[in-house]
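Novice: Please read through the structure below; I'll follow up with questions.
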Amino acid sequence: MLSAQQTSIMIRVKAKDAKFIGSSMGGSKVIVKEHDSGRILAEGYTSGSTGNTDRIMKDPISRDTQLSDEQTAGFMAKLDIEKPVFVTVSAYAPVDNSVKSETQLWLIPGKDITGDGLILEIPGFKIDVLAPQLHESIGEDTEVEIKANVIMMCGCPLTDGGVWDTNQYEVEALIFKDGKLEKSIPMQITEKASTFLGKVKFTPGNYEIAVYAYDPVTGNTGLGKTSFIVN
């Protein structure tokens, strides 16, 4: 009779066109399930650093290039299995507004998957609308600042001329009044990294602002929302 063997699989979660998602973003939730039964075999959060910027974003990558090092964020799932098992691995990030990435693979007893391990990709930008504040009440004809924090899903900053160059991205605020699109406002980077600003005057009504970021090179997109009232 076969006995269970501990089998380890390193699971890492990487932001599209960026670095690994780790402790600085609260980690990425990881769940490993047996496909046939749906039974959870392991779950936890990735922890560690976002990784080496030069290695991930700048250096040439050949077939056997390892992107991670000992400090790079990951979750080591340790399973006791008696026979090959087909698993579904799911990752959710960032933890407060989760995008899901999922894949499936066979695990063989005693055959560990380490090093870079299994890498799941999370697309998007993490966008927080800082102003106007949610449910804020604003007087009409007041020039209002629309301010948003836009970062890669790993937490990496957008800067003018940086690795994640703001000149490559389109950032706009879509303004909806009483449920209908009224106008769009281009937003510009400020002196503070990842902080974008636009200004507009409003007439009375119920408003929703959706700030989006779009990268025409990679097709990466992200969105953040707020709503408020103009009296």
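Each reported figure results from applying straightforward, stated rules to the coordinates on display, with no laboratory input. This one's a predicted model, so the numbers in the text were calculated from it and none came from an experiment. We place every Cβ from the backbone using ideal geometry, glycine too, and count neighbours over all the protein chains shown.
Novice: Say R0 is 22 Å: what FRET efficiency, to the nearest 0.05, do Gln104 and Lys78 get from their beta-carbon distance?
Specialist: The formula returns an efficiency of 0.70 here.
Novice: If you don't mind, there's one more thing I want to ask. What number, in percent, do you get for the relative contact order of region 5-122 if the mean sequence gap of Cα pairs under 8 Å and at least 6 apart is divided by its residue count?
Specialist: Result for region 5-122 is 39 percent.
Novice: Something else about it: Using the basic label-point model (7 angstrom from Cα toward the beta carbon), what is the Ala131 to Glu182 distance in nanometres?
Specialist: It is 1.9 nm.
Novice: Here's something else I'd like to know. I'd like the distance between the alpha-carbon centres of region 1-74 and region 155-179, rounded to an integer number of Å.
Specialist: Cα centres, region 1-74 to region 155-179: 27 Å.
Novice: A further question on this structure: Taking a cut-off of 33 Å, what percent of all Cα-Cα pairs in the chain are separated by more than that?
Specialist: Across the chain, Cα pairs with separations above 33 Å total 31 percent.
Novice: Run the paramagnetic zone check for Lys201: 7 angstrom along Cα to Cβ, then residues of region 118-154 with backbone nitrogen under 17 Å.
Specialist: Residues 138-146 qualify, since their backbone N sits under 17 Å from the label point.
Novice: If you filter region 62-147 for GluC sites (Glu not before Pro), then keep DSSP loop positions with at most 16 other Cβ within 10 Å, what is left?
Specialist: Glu70, Glu82, Glu140
Novice: Follow-up question, since we're still on this one. Over region 5-122, what per residue volume does the convex hull of the Cα atoms give, in whole Å³?
Specialist: Measuring per residue, one finds 97 Å³ for the Cα hull of region 5-122.
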